[in-house]
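Everything below concerns the one structure shown next.
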Amino acid sequence: MKGRWEDVRKPNQKELKATTVLAISIEQASSKIRTGPPKDDLEDYSLDIWAGVLPIVQSFEKLIPDSELDSSIKPSINLQNLIQTQL
């Protein structure tokens, strides 16, 4: 998460060795973007196939501390603020 490097545990050598960052060039891509409800072709409505929208929502929920963590250690103010703005 952007801006959290100082708040998180730094990776160890094993984690760094197991991590790969790669960049790829995308030469061609396609996407479908629309607004409003689905609008199928009339002949498609006679098919026995569900059609509709599956909304995808990304959100934060209440923090759950590691059960082994010392209870005196609290989340960083940055993390607390981030969660608070989302709840």
Task: Residue that is surrounded by the fewest Cβ atoms within 10 Å (Cβ to Cβ), among those in the range 73-87 that are in a loop (DSSP other than H, G, I, E, B) and in contact (Cβ under 8 Å) with a residue 12 or more places away in the chain - done: 87
TODO: Select from the range 1-45 the residues that are modelled with pLDDT under 90 and not in a loop (DSSP other than H, G, I, E, B) and list them in ascending order.
DONE: 5, 6, 7, 43, 44, 45
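Does residue 67 satisfy being under 30 Å from residue 83 (Cβ atoms) and of a type in the set (Ser, Thr, Tyr)?
On the way: under 30 Å from residue 83 (Cβ atoms): yes; of a type in the set (Ser, Thr, Tyr): yes.
In short, yes.
With respect to residue 70, is the statement that it is surrounded by 10 or more Cβ atoms within 10 Å (Cβ to Cβ), at pLDDT 85 or above and over 24 Å from the mean Cα position of the chain (by Cα) true?
It is false that residue 70 is surrounded by 10 or more Cβ atoms within 10 Å (Cβ to Cβ), at pLDDT 85 or above and over 24 Å from the mean Cα position of the chain (by Cα).
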Open item on the list: Out of everything in the range 44-63 that is among the β-branched types (Val, Ile, Thr) and over 27 Å from residue 75 (Cα atoms), what residue ends up being surrounded by the fewest Cβ atoms within 10 Å (Cβ to Cβ)?
Closed with: 56
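The values are calculated or read from the model by the stated rules, or taken from the named source; none is laboratory data. In this text the structure is predicted, and so the values were computed from the model without any measurement. Neighbour counts run over all protein chains shown; Cβ positions are idealised from the backbone, glycine included.
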